[in-house]
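Just below is one structure, and these are the notes that go with it.
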Amino acid sequence: MDLSYSQEDEAFRAEVRAWLEEHLAGDFAGLRGKGGPGREHEAHEERIAWDRHLAKHGWTCLGWPEEYGGRGLPLFQQVIFHEEYARANAPARVNHLGEELLGPTLIAFGSEEQKARFLPRIVAVEEFWCQGYSEPGAGSDLANVSTKARIDGDHYVIDGQKVWTSLAHQADWCFVLARTEPGSQRHQGLSYLLVPMHQAEIEVRPIIQLTGTSEFNEVFFSGARTDADLVVGGEGNGWQVAMGTLGFERGVSTIGQQVGFQRELDALLELARSNGALDDLFVRDGLARAQVELEVIRLNALRTLSEDQAPQQASISKLLWATWHRTLGDLAMQVQGADSLTTGADYDLDEWQRLFLFTRADTIYGGSDEIQRNVLAERVLGLPREKR
């Protein structure tokens, strides 16, 4: 895969950079850096306004086909947008789950009626989504889903529990993996349902994390209902659709993630210089190693986006960046030294303590390291399945 940018690409980069510089000003200037991992609660309403401002100017859903409200931009220009967005320290997007996960899934698997109903609202940032996959007994082992859905007239009726549901307390809709065939097991008998969140039969309970925030939630479905035509890809095909969504989750937006990682590493390096920690050979080696590994991750992420490499590279990419980011959290504590062990009043974490605590989850969410290694071993290398 050719990883160089053309003159047209660089012209597009200049356009994106100039637009962000002009518009991340005035009322939006204070949003720079807001809402990152572990801080999704920050300036939520203001970030909604910013996302709608992006939509008004045509900067949402860039890779979607034009017929569905996107701009149909080629891969590298999508990458450039995410790189420049991250370099500008622009606020975290509030519509990631709709734009990067559900929308592409509907384009690939949804009916024309489903596309017409939901895609325009995602483009315009009018409806927000959450993902109903993990359960208490089906986290990384997603095929163990036990949430059930049955047909009752023109509706599915859903009973069960989801957990670690990001931003469920702010979502209007949830895409839910549920078992619609009684007695089915593993990958069989699952369906991918679109479920409205604002109904009395759904209870959302926030989960307070080590960072003191609670963007994750438990979600209880007790006779929740959704229209029977809101099953994506047909009843019983939920596993295929769900795997498609996971593939989109590791798409072009991950490139912007690498730029954010670079900013964190640069800031940590500056801290190490200022407090003398860089004189410690162990710390210096760790920071140098982190820089080299991050460049490898970036190049691998670009390779992941090439169609013929995507299945195996997606798991490799997740293993690489998750482990790298968790190690950066460790490095941050080493650079701070003893100061890293105490907090301000009322558990007031600084940015490095928050980074350390939140990155403990990086190797778990989105597919744990163990599951990614099993995927590579069994589906790529052809090794025997792990004994259960």
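With a simple spin-label model that places each label point 7 Å from the Cα along the Cα-to-Cβ direction, the separation between Q7 and T323 comes to 4.3 nm. Of the peptides 106-113, 328-335, the ranking by mean beta-carbon count within 10 Å, highest at the top, reads 328-335, 106-113. Using Cα atoms only, what is the angle between the long axis of helix 112-123 and the major principal axis of the chain, expressed in degrees (0 to 90) to the nearest 10? For 112-123 against the chain, the angle is about 30 degrees.
Once the C-beta distance of E295 and R17 is scaled by a Förster radius of 22 Å, the resulting FRET efficiency is 0.55 to the nearest 0.05.
The phi torsions of the stretch 159-175, fed into the Karplus equation with coefficients 6.51, -1.76 and 1.60 and a -60° offset, translate into couplings of 9, x, 9, 10, 9, 6, 8, 5, 6, 4, 6, 10, 8, 8, 9, 9, 8 Hz, rounded to whole numbers, with Gly and Pro shown as x. Here r is the Cβ-Cβ distance between D172 and R32 and R0 is 30 Å; the resulting FRET efficiency, rounded to 0.05, is 0.65. Annotation: amide H of E135 within the under-5 Å range of V163, sequence separation 5 or more or interchain, hydrogens built in the peptide plane.
Here the extension length gained between L381 and S111 equals 93.7 nm, from 0.36 nm per residue of separation less the Cα-Cα distance.
Here the stretch 179-230 and the stretch 1-78 have alpha carbon centers that stand 30 Å from each other. With the convex hull drawn around the C-alpha atoms of the stretch 1-127, the volume per residue stands at 118 Å³.
Taking a ≥ b ≥ c as the square roots of the eigenvalues of the Cα gyration tensor of the stretch 140-222, is the shape rounded (a/c under 1.5), prolate (a/b larger than b/c) or oblate? It comes out oblate by the Cα gyration axes.
Each residue, A338 and Q185, gets one label point 7 Å from its Cα in the Cβ direction; the gap between the two is 5.8 nm.
Summary value for the chain: 13 percent relative contact order, contacts being C-alpha pairs under 8 angstrom separated by 6+ residues. Seen through its C-alpha gyration tensor, with square-root eigenvalues sorted a ≥ b ≥ c, the stretch 44-102 comes out oblate because a/c lies at 1.5 or above while a/b is not bigger than b/c. Amide H contacts of C130: W173, C174, F175, each under 5 Å away and 5 or more positions distant or on a separate chain (H built 1.01 Å from N in the peptide plane; Pro and chain starts excluded). Karplus-derived 3J(HN,Hα) values for the stretch 236-243, using 6.51 cos²θ - 1.76 cosθ + 1.60 with θ = phi - 60°, are x, 9, x, 5, 4, 5, 4, 5 Hz; glycine and proline are entered as x. Note that the stretch 10-15 has calculated 3J(HN,Hα) couplings of 5, 5, 5, 4, 5, 5 Hz, one per residue in order, obtained from phi through the Karplus relation 6.51 cos²θ - 1.76 cosθ + 1.60 (θ = phi - 60°); glycine and proline are x. Quantify how much of the Cα-Cα distance distribution of the stretch 187-226 extends past 12 Å, in percent. More than 12 Å apart: 67 percent of the Cα pairs in the stretch 187-226. Against the set (i) 26, 59, 15, 0; (ii) 29, 55, 16, 0; (iii) 30, 57, 13, 0, the structure's computed P(r) over Cα pairs in 20 Å bins from 0, in percent falls on (i). Surface exposure of the chain, expressed per residue as accessible area with a 1.4 Å probe, stands at 47 Å². Any chance you could give the angle, 0 to 90 degrees and rounded to 10, that helix 44-56 forms with the longest Cα principal axis of the chain? On a 0 to 90 degree scale, this one is about 80. Please report the carbon-and-sulfur percent of the accessible area for the stretch 1-104; probe 1.4 Å, protein heavy atoms only, DNA, RNA and ligands left out. Summing carbon and sulfur atoms, their accessible area is 49 percent of the total for the stretch 1-104.
The values are calculated or read from the model by the stated rules, or taken from the named source; none is laboratory data. Model, not experiment: these values are computed from the prediction. All Cβ positions, glycine included, derive from the backbone under ideal geometry; neighbour counts span all protein chains shown. Just the protein is used for accessible areas: all its heavy atoms, side chains included, with ligands, DNA and RNA removed. Shrake-Rupley method; radii C 1.70, N 1.55, O 1.52, S 1.80 Å.
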